[in-house]
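The values are calculated or read from the model by the stated rules, or taken from the named source; none is laboratory data. Please read all numbers here as calculations on a predicted model, not as lab measurements. Every residue, glycine as well, gets a Cβ built from its backbone with ideal geometry; the counts of neighbours run over all protein chains shown.
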């Protein structure tokens, strides 16, 4: 493989910003029976609403932060926990060249399923056409800065935005620039599950991962039946989040996937 193929802009940036794990993190995963939810999604798609698990979980997590676990909709600034004024979701998308980018869904908790589909579709279309937001454009800029200067610049940016709580409008960065949480669907690329890194300047309380849906034998009422199961996993910032918070969110997720119709209404 050619050296240039290995040293993409993102790899150059990653080499500058990541180090061996030292920060407090919580890792967790759980399996969910989404058989009925998949049937619901299929029925809505037949009606013309092109929803996916990504849309459903984006709304569930967003509403969960608003209604069930608002103490997770926070970030660290100058050593203090700060409550966010709104719930924004940062959703990863796959670009045509195989690289990853992200789109921000503003006030995601207020959207209906149909609105979420429209907002994400527009944002993804713009991103795939090359119209990325300033935050995502930064990886290209950073990738062109020679080593070791890019690591020094990144550390300065992190200190200014995360540690000091300052904003840098020219490059679209602030201490609250990545929304309330980050979400990625690795099931779309065939992976069962995974535990994502906490992007150092994201300042989100957790990163959520959707794995691949697969058919598995499950015991229900003492009978073995085939059900559709998905593994969800998360990396959480232990400065903000404890296992108790994760448990409350998980119970909310289970309750909502049993009643996805609740997501059809605007929640503003």
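Below are the figures for this structure:
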{"item": "Matching residues, the stretch 93-126, being touching a helix residue (DSSP H, G or I) at 6+ places or on another chain (Cβ under 9 Å) and either farther than 20 Å from residue 59 by Cβ or part of a loop (DSSP other than H, G, I, E, B) (or both)", "result": "94, 95, 96, 99, 100, 101, 106, 107, 111, 112"}
{"item": "Out of 249, 236, sole residue that is assigned to a strand (DSSP E or B), under 17 Å from the mean Cα position of the chain (by Cα) and touching a residue at least 24 places away in the same chain (Cβ under 8 Å)", "result": "236"}
{"item": "Residue tally, condition without any contact (Cβ under 8 Å) to a residue 60 or more places away in the chain, in a loop (DSSP other than H, G, I, E, B) and either farther than 19 Å from residue 85 by Cα or under 17 Å from the mean Cα position of the chain (by Cα) (or both), over the stretch 161-198", "result": "6"}
{"item": "Among (1) at pLDDT 85 or above; (2) touching a helix residue (DSSP H, G or I) at 6+ places or on another chain (Cβ under 9 Å); (3) crowded, with 19+ Cβ neighbours inside 10 Å, the one test that residue 204 misses", "result": "(2)"}
{"item": "Helices (runs of 4 or more DSSP H) contained entirely in the stretch 1-75, each with at least 1 residues that are more than 20 Å from the chain's Cα centre (by Cα) and at pLDDT 95 or above", "result": "35-46"}
{"item": "Yes/no for residue 210 being without any contact (Cβ under 8 Å) to a residue 60 or more places away in the chain, under 23 Å from residue 41 (Cα atoms) and touching a helix residue (DSSP H, G or I) at 6+ places or on another chain (Cβ under 9 Å)", "result": "no"}
